[in-house]
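Taken together, the values in this text are just the output of simple stated rules run on the coordinates, not laboratory data. All of these numbers come straight from a predicted model, not from anything done at the bench. Cβ placement follows ideal geometry from the backbone for every residue including glycine, while neighbour counts extend to all protein chains displayed.
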Amino acid sequence: MMNQEIKTTPTVKNGGRLFRNDVIFIVALLLVVSALGLCFYFFRGEGDKVVVTVDGKEFGTYSLAEDVKVEIRTGAQNEEVNVLVIRDGLAYMETATCPDGICADHKPISREGESIVCLPHKVVITVYATEEEDAPDIVV
Amino acid sequence: MRPTTKKIAVLGLCTAVALILAYVESMLPPLFHAVPGIKIGLPNIIIVFVLYRFGLKEAATVSLIRMLAVSFMFGNMMALVYSLAGAFLSMFVMVILKKLNFLSVVGVSVAGGVFHNVGQILTAMLLLGTAELGYYLIVLTVTGTVSGIFVGLCGAIVEKRIPKKMI
Ligand SMILES: [Zn+2]
């Protein structure tokens, strides 16, 4: 059996050196992993399709991979128009007849969960990622 | 009693305790069920203890038998793959840090806990081909650090309290 000297808990005798090393190590570890995680965050959530809903009902689903222009007509006489454009993997509202025009000013979206909302026309455009297999239930 | 026989008996006992701790942990209320993989890792107290009292071979053996037993009892082969990957990386990192001898058992245990999660996530990313799991990394590193400190302190106490003559 090995009976080498064992470093266990930090003691007063060693002047807290081990403890300080541990703290430095843990902080460094957290920083490195956080940086890694942030990198992943930017890769994460790149969606591949947008779903358009009007007044909560699905209007259509469009792939972000194909450039397309969609007229979303709403209102009693189809007089309200939002034009959704997908180009280069980005979705944005090109024009809209709504009074506030907020939706048309919205920056292009492409990340999972991002959305453009046109409140006056009750139009919502949301980016989704095609469902992958569920994350594995990681068991230790 | 010859040392080898005694050692086998002691390591068997350690494995049994690790299994019991795994069972006890499974009975605890899930603290954060939103994120899978968050666990205290109570059995790791035994692994850390064996690593410091005996060495790499013994700790790896106890760890392996424990995981095989758990997966046979609960019949989840997929989980076994993740566990093995996590445990392998964890053990690898712990042994290197222990050899380098600049950390206490707490620091080594924290590294073990964190890299256990890193190994599992990397495996999941390889098998599922998705980078989306990457954001688990931050969460699991923070929780792995907290549980690693706890496990390390417990392992150190156990190491101190159990006389070397006895085991
Ligand atoms: Zn609008």
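Taking the Cα centre of each part, how many Å lie between the stretch B:53-92 and the stretch A:26-97? Result: 42 Å between the Cα centres. Taking amide hydrogens as placed 1.01 Å from N in the peptide plane, the amide H of residue A:59 sits under 5 Å from those of A:52, A:53, A:54, each at least 5 positions away in sequence or on another chain. Annotation for residue A:48 and residue A:102: the two label points, set 7 Å from Cα along the Cα-Cβ direction, are 3.2 nm apart. Other residues within the sphere of radius under 15 Å centred on the Cβ of residue A:101, judged by their own Cβ, net out at -3 (K and R +1, D and E -1). Footprinting exposure proxy ranking of B:6, A:107, B:165, fewest other C-beta atoms within 10 angstrom first, gives B:165, A:107, B:6. Segment residue A:27..residue A:78, full-extension length gain: 12.5 nm, with 0.36 nm per residue of separation and the alpha-carbon distance subtracted. Cβ-Cβ distance of residue A:130 and residue B:23, R₀ of 30 Å, FRET efficiency by 1/(1 + (r/R0)^6): the value works out to about 0.20.
Sorted ascending by nearby beta carbons within 10 Å, beginning with the fewest, B:27, B:67 become B:27, B:67. In order along the stretch A:114-121, the Karplus-derived 3J(HN,Hα) couplings, from 6.51 cos²θ - 1.76 cosθ + 1.60 at θ = phi - 60°, round to 5, 8, 10, 10, 10, 4, x, 9 Hz, and Gly and Pro are given as x.
What is the log10 of I(q)/I(0) for the stretch A:49-128, computed with the Debye formula using one identical point scatterer on each Cα and no solvent, at q = 0.12, 0.18, 0.19, 0.23 Å⁻¹? Relative scattering, expressed as log10 I(q)/I(0), comes to -0.27, -0.62, -0.70, -1.04.
Between residue B:69 and residue B:92, what length comes free when the chain is fully extended (0.36 nm per residue of separation minus the Cα-Cα distance, one decimal in nm)? In short, 6.1 nm is gained.
The ranking of A:121, A:106, B:116 by Cβ neighbour count inside 10 Å, starting from the fewest, reads A:106, A:121, B:116. Pairs with C-alpha atoms separated by more than 26 Å, drawn from the list B:57/B:99; B:99/B:165; B:57/B:160; B:39/B:165, are B:39/B:165.
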